[in-house]
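Undergrad: Right, I'll just put the structure down here and ask away after.
The numbers here are math on the coordinates, done by the rules we state, and not lab data. Values in this document were obtained by computation on a predicted structure and should not be read as measured data. Cβ placement follows ideal geometry from the backbone for every residue including glycine, while neighbour counts extend to all protein chains displayed.
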Amino acid sequence: MAIREIRTEGDEILYKKCKEVKNFDEKLCILLDDMYETMKKNEGVGLAAPQVGILKRAVVIDTGEGKIELINPEIVEESGEQTGSEGCLSVPGVYGEVTRPNKVTVKARDREGKLFKLTGEELLARAICHEVEHLDGKLFLDRVTKFLD
Ligand code: NI
């Protein structure tokens, strides 16, 4: 496993749409392992592949309840609303209030290519929404209603 460099705001790769993962191979496993290690080292709760310069639809999340890997994720259900502080490893030191669904269900594949569904609430729902948007080249900054000190 290796720590990869995190791309930051202004890097054009963060604004591009990522491609679907088609090969569930060793290379994908290495990417996911590196992403997780990089996220942990930087004390984040989520990281998307474009943040380490890879335009693939892959995400890792750990809100403190263990590692979650989402490949080709698609949010299929959302409900409720939450407003709270949000940040991003690609925008270091910046936090803002963002409104998100309070509960989301995501359909995704695991590293072996197997389909599964996952429902998350509160912080996990927020992390899923935030990371999935990275895959479409969007940063949370566009959703901030109020920047926090
Ligand atoms: Ni982010």
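Undergrad: Could you check the range 90-134 and list, in sequence order, the residues that are of a type in the set (Asp, Glu), within 15 Å of the chain's Cα centre (by Cα) and within 16 Å of the ligand (Cβ to nearest atom)?
TA: Answer for the range 90-134, where residues must be of a type in the set (Asp, Glu), within 15 Å of the chain's Cα centre (by Cα) and within 16 Å of the ligand (Cβ to nearest atom): Glu131, Glu133.
Undergrad: Here's a follow-up. If we keep just the residues of the range 61-89 that are of a type in the set (A, V, I, L, M, F, W, C) and crowded, with 17+ Cβ neighbours inside 10 Å, which is nearest to the ligand (Cβ to nearest atom)?
TA: Checked the range 61-89; the qualifying residue nearest to the ligand (Cβ to nearest atom) is Cys88.
Undergrad: Just a yes or no: is a residue in the range 9-17 among the small types (Gly, Ala, Ser), assigned to a loop (DSSP other than H, G, I, E, B) and within 14 Å of Arg126 (Cβ to Cβ)?
TA: No, the range 9-17 contains no residue that is among the small types (Gly, Ala, Ser), assigned to a loop (DSSP other than H, G, I, E, B) and within 14 Å of Arg126 (Cβ to Cβ).
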